Amino acid sequence: MSETKVVTCIECPRGCRLSVSVDGGAATVTGHACPKGEAYGAQEAISPMRTLTTTVVAEGAATRRLPVRTDGELPLGRLLEAMAAIDPVVVRPPLRRGDVIVRDLLGLGVDLVATDDLVPATPSATAPLAASGIAGAAGTTGTAGTAGAEGGRP
Ligand code: SF4
């Protein structure tokens, strides 16, 4: 027995209203004006995916939280689990936008990345670390965030 769902395509501003008939694991989409909508409707009806956007705690930084997002989509049904995994993460400057904060989140093949730079609260706060090279990874995209992130918020 098939089930019909109505979803709005968000692939472009036109916002086509899609009707998706799901029968077993197969979806039949109507109402789409282009192939992107057909693919979106089928995905949304069978296995909806979302990009996770949130913030993590920052210490020793000019701001108390760092905005982050996944660099790809993850299953909608695993968003709460992902948020729980991210919750204990604490980052410290310096970090650059695009730096990886959590690699391979939940083993789903997507990374959590910074969407903004994270600078020290004061220049003197990180001078010894930068001099020693411990926190001197700024600019090494893809690895600096890992160096600046750690689990276990106090
Ligand atoms: S079906 Fe195509 S034209 Fe319609 S909203 Fe989706 S992407 Fe845009």
What's the number of the only condition in (1) modelled with pLDDT under 95; (2) closer than 30 Å to Pro48 by Cα that Gly136 fails to meet? (2)
Output yes when any residue across the range 26-47 is within 18 Å of Leu112 (Cα to Cα) and either small (Gly, Ala, Ser) or not assigned by TED's automatic domain parsing to the domain that holds Leu118 (or both), and no when none is. no
Note on the range 15-53: residues more than 30 Å from Ile86 (Cβ to Cβ) and loosely packed, with under 12 Cβ neighbours inside 10 Å are Gly15, Asp23, Gly24, Gly25, Ala26, Pro35
Filtering the range 2-17 down to residues that are more than 7 Å from the ligand (Cβ to nearest atom) and without any contact (Cβ under 8 Å) to a residue 40 or more places away in the chain yields Ser2, Glu3, Thr4, Val6, Val7, Thr8, Ile10, Pro13, Arg17
Counted residues in the range 1-10 being closer than 21 Å to Thr51 by Cα and either crowded, with 16+ Cβ neighbours inside 10 Å or of a type in the set (Lys, Arg) (or both) come to 2
If you go through the range 30-45 one residue at a time, how many are near the ligand (Cβ under 10 Å from one of its atoms) and out of contact with any Ser or Thr (no Cβ under 7 Å at 6 or more places or on another chain)? 10
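The values are calculated or read from the model by the stated rules, or taken from the named source; none is laboratory data. A quick note: this is a predicted structure, and the numbers were derived from the prediction, not measured. All Cβ positions, even for glycine, are placed from backbone atoms using ideal geometry, and neighbour counts span all protein chains on display.
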